[in-house]
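Participant: The structure is given below, and queries will be raised subsequently.
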Amino acid sequence: MTTFSHQLFSLLLGCLLTMALHSSSAAFLLLFFSVDPQTFDFATGVAFILGANVGTTFSAFFPSIECGRNVRRLALAHFIIKLIGVLITLFFFPSFLFVVDMLIPGTPTNLNGLFHLAAAHTLFNFINVIFWIFFSVSLVRFLCRIIPSKEQGTHVLPHTVRLMLAGHVHQTFEEVSKQMERLE
């Protein structure tokens, strides 16, 4: 069993590599084929997979910044769900590894224990889903509180339409004048 600092480093490496590659599978395969299996044990591999789970959320998180409120809420919910799931798993990490080892026969001595790693990933996602079944309503309330429905300075037109209109100020002014006359 490696130290907590090795596991934390592996978790951060998994997160950063997945953010760069936009694929947790590609990050894991890159790591699996480039690292000596004797130096990378089961616990470190599981920590890498947990970090990759958080890293996948950034593929949706960054583009959502330019989108509507509900898209931003969804991307933030994805990030929060994975992050809190990883933090809870890390809190019970030795027990989590023990349960995985009990579910899958054999001993995961290094990265050759792929069945153990796959089981750890599946168990993490299963436990995370069960946990969030009970707290999803609280998460939605939290997201609606931090990304409110009526923001200060909300524009009626989407961002891209506002950019197009800003490039043609004279035509925009004429069209607004016509619409105002029609309303009167």
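Participant: Mind giving me the nanometre distance, one decimal, between the label points for Phe9 and Trp132, set 7 Å out from Cα along Cα→Cβ?
Facilitator: 3.1 nm
Participant: Another question about this same structure. Take Val176 and Phe32, extend 7 Å from each Cα along the Cα→Cβ direction, and tell me the distance between the two endpoints in nm.
Facilitator: It works out to 5.8 nm between the two label points.
Participant: Between Val169 and Ile146, what length in nm is gained on full extension when 0.36 nm per residue of separation is reduced by their alpha carbon distance?
Facilitator: Extra length available between Val169 and Ile146 comes to 4.8 nm.
Participant: Kindly state, to the nearest 0.05, the FRET efficiency for Leu90 paired with Arg69, given R0 = 22 Å and r defined as their beta-carbon distance.
Facilitator: E(calc), rounded to 0.05, equals 0.10.
Readers should treat all values here as calculations from the given coordinates under stated rules, not as data from a laboratory. Bear in mind the structure is a predicted one, so any value in this text is a computation, not a measurement. So basically every Cβ, Gly included, is an ideal-geometry build from the backbone, and we count neighbours across all protein chains shown.
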